[in-house]
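Before any comments, here is the structure.
Laboratory data are not the source of any read-out in this text; all were calculated from the coordinates shown. Just so it is clear, the structure is predicted and the values come from calculations on it, not from any experiment.
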Amino acid sequence: MEEQPIIVKRVKKVSGGHHGGAWKVAFADFATAMMAFFMVLWLTTTASDEEKQAIEGYFKDPVGYMEAASRNPIDLGGSASVVDASSADIADTEIRLEDQKIEELSETLEQRQMEELFQDLKEQIEQSETLQEFKDQLLIDITDEGLRIQIVDRSQRPMFDSGSARLKYYSQDILFELAKPLSAVTNKLSITGHTDATPFVGRPGYTNWELSADRANTARRALVAGGVRGEQIGRVVGLSDSVLFDKDAPTAPVNRRIAIIVLNKKAVEDIQSDSGADAQPVIDLTQPTEAESGEALKQLESGEWFNPPPEPDPGEVNW
């Protein structure tokens, strides 16, 4: 039997082709390095001069820098560093700007409310028969303190009896009508009394200062009786003739007036800050000195002690 020949087939490997995954690792390292490089460029561009100096100091002497200052100029671990301080400054600035913006919006809103109240009062004057009759004695404007309503005297039509704090009947009606819109607001009210420059005579120790203060207080009582809440009253002041309406005619009737101001927030804060609660005493006024005590004793013995003016007759004030 003839034997079959044995055939051996040899496959020759061709050089080239697939080399494994090493190139992927190298490319990933390259991409990471490039990303880190661009991050450094970006941080350098956005960093402040102080941060650049801190980074420079770290690379010049890492060991000394870590011992003398923060452990990391760009600290991601939460410890104190230059970046943290800068970020805190930026945050504080942003908070201050936000507070300032809120304050400005609040002032704008309050100004708008004052303007709306101004229009409401004008409409009330036009619609009210009582106020319509005396509208030439009502002056309304907006000042730095808020909305001001002035009730002025006119010739042959004063608000008060001459030299007295007694309201005329029509002045009571005016204040009652004004009390309606004023009681609807939450703002504090200021009431100021003014006189002309004619000196007050007829009562020892009683001047235009006392008269203007009594008239302002009478107006306060009338407003409260008309519906204004007692806690709304923030200030009652008598200014005599120190703030004349018509400086060219100091004795003119228009100088005799009552001013009612719907106070804005800033005016109320100013009044509160002027309370003097934080003032520090220079001397103890509760303990008179020996000289003061001796002088007071002499005045008592000689009858020269100051006698305050008599209280006004209750009949002169009808509120």
Tensor-based shape of the range 107-164 (alpha-carbon gyration tensor, a/c under 1.5 rounded, otherwise prolate or oblate): oblate
Other-chain or far-sequence residues with amide H under 5 Å of D246's (modelled H): N255
Amide H contacts of V237 (H built 1.01 Å from N, under 5 Å, at least 5 apart or other chain): I191, T192, G193
For the range 111-273: lysine pairs under 26 Å (alpha-carbon distance), excluding those fewer than 8 apart on one chain: 18
Potential lengthening between K168 and V40 on full extension [0.36 nm per residue; Cα-Cα distance subtracted]: 37.7 nm
J(HN,Hα) series, the range 191-201, from Karplus relation 6.51 cos²θ - 1.76 cosθ + 1.60, nearest Hz, glycine and proline x: 10, 10, x, 10, 10, 7, 8, 5, x, 7, 10
The range 111-273, Rg to Rh (Cα coordinates; Rh as Kirkwood inverse mean 1/r): 0.95
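May I ask you to derive the relative contact order of the range 108-267, considering only C-alpha pairs under 8 Å and at least 6 residues apart, and to give it as an integer percent? Can you show the working numbers first?
Working: 284 pairs, mean separation 48.6, N = 160.
Here the relative contact order equals 30 percent.
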